[in-house]
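So the structure is just underneath, and the comments pick up after that.
Bear in mind these aren't lab numbers, they're just calculated from the coordinates by the rules spelled out. On a predicted model such as this, the values are computed, not experimentally measured, just so you know. Note that each Cβ is placed from the backbone with ideal geometry, even for glycine, and that neighbours are counted across all protein chains shown.
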Amino acid sequence: MEIVTKIAPICLALIMLGLGLGLSVKDFTRVLKTPKDFFVGFFSQLVILPIVALGVALALDLSAPLAVGLMIIAAAPGGVTSNVLTKFANGDVALSISLTAVVSLISIISVPFVVINSAEFLGVVVSKNISMTGIALKMALVVTVPVIIGMIIRGFAENFISSKINIINKLTGWLFIIVFAAIWIEEKNNILNYLAQAGLAVLILNVVMMLIAYFIAKKFVSGIAQQKCIALECGLQNGTLAVFVATLMFDDITYVIPTAAYALTMYITGFIFIYILKKSN
């Protein structure tokens, strides 16, 4: 995983910088105006999603590395993709951006907590050199710091950055592709076998979680736009961050495979989900 290990942190830092360039303070303060909508999305993503992932792993009797890999992608926050698809679905983009921003910053604590505890529950021995604090600090360098830098840059050049935000989003999309292309190149002889093992699990997790999030939101949030947003936010994860965590904690490529399989699956299911929603409306 030498190529992936070197590329993932750089790409992730640049992706998070791009996320920061698209954020302002109001994206964080907005949650105070619609706390109920935000909390439903926040709870669905940070609590319900990992629980559903663990249930899928146990129900399908996945091998421990694949099960932990599934937990890694479930623990990851949403990414810029969720914001773009929420806009495409006529969902609440402002809520989507707020959820992505807050959950991404909290991820430096939530991700290591979920992954380390689930790994221990699933019987995977985590190296003594790996601690929640250590992972949190390393994640902060490639997640939190770039986001803050991006927000500072936007503060000094608001009009210029706003006019280029579509280009920035496209560039972050290509960085995402580079990471997963590196995985395919390094593991081309084994990738189909890995995807066959993890494909069903990630498909079930993705579809079931979007449906659960949609119906929870339907009961508790303020409108249809918010329902769409929360469902997509819970179905579209930051795959590059998941790859970074997987390679940071484990040397075996098997832990990375569910994140790659999920990244491929979520675009297909995401667009199908949007199509169904538009037809039903």
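The table below gives the values:
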{"read-out": "Residues (hydrophobic (A, V, I, L, M, F, W, C), surrounded by fewer than 21 Cβ atoms within 10 Å (Cβ to Cβ) and over 29 Å from Ser162 (Cα atoms)) located in region 1-45", "value": "Met1, Ile3, Phe43"}
{"read-out": "Condition met for Ala94 (touching an Asp or Glu at 6+ places or on another chain (Cβ under 8 Å), in a helix (DSSP H, G or I) and farther than 23 Å from Leu205 by Cα)", "value": "yes"}
{"read-out": "Elements of type helices (runs of 4 or more DSSP H) contained in region 44-90, each with 2 or more residues being small (Gly, Ala, Ser)", "value": "49-59, 64-75"}
{"read-out": "Tally of residues being assigned to a helix (DSSP H, G or I) and in contact with a helix residue (DSSP H, G or I) (Cβ under 7 Å, 6 or more places away or on another chain) across region 250-281", "value": "16"}
{"read-out": "Test: residue in region 173-188 that is more than 17 Å from the chain's Cα centre (by Cα) and more than 25 Å from Leu14 (Cα to Cα)", "value": "yes"}
{"read-out": "Number of the exception - Ser222 against (1) over 19 Å from Ser82 (Cα atoms); (2) assigned to a helix (DSSP H, G or I)", "value": "(2)"}
{"read-out": "Residue ID - farthest from Lys87 (Cα to Cα), chosen from residues in region 268-281 that are surrounded by fewer than 14 Cβ atoms within 10 Å (Cβ to Cβ) and touching a residue at least 24 places away in the same chain (Cβ under 8 Å)", "value": "Asn281"}
{"read-out": "Region 1-53 - residue that is free of Cβ contacts under 8 Å to residues at least 60 places away in the same chain and of a type in the set (D, E, K, R) and, of those, nearest to Lys218 (Cα to Cα)", "value": "Lys33"}
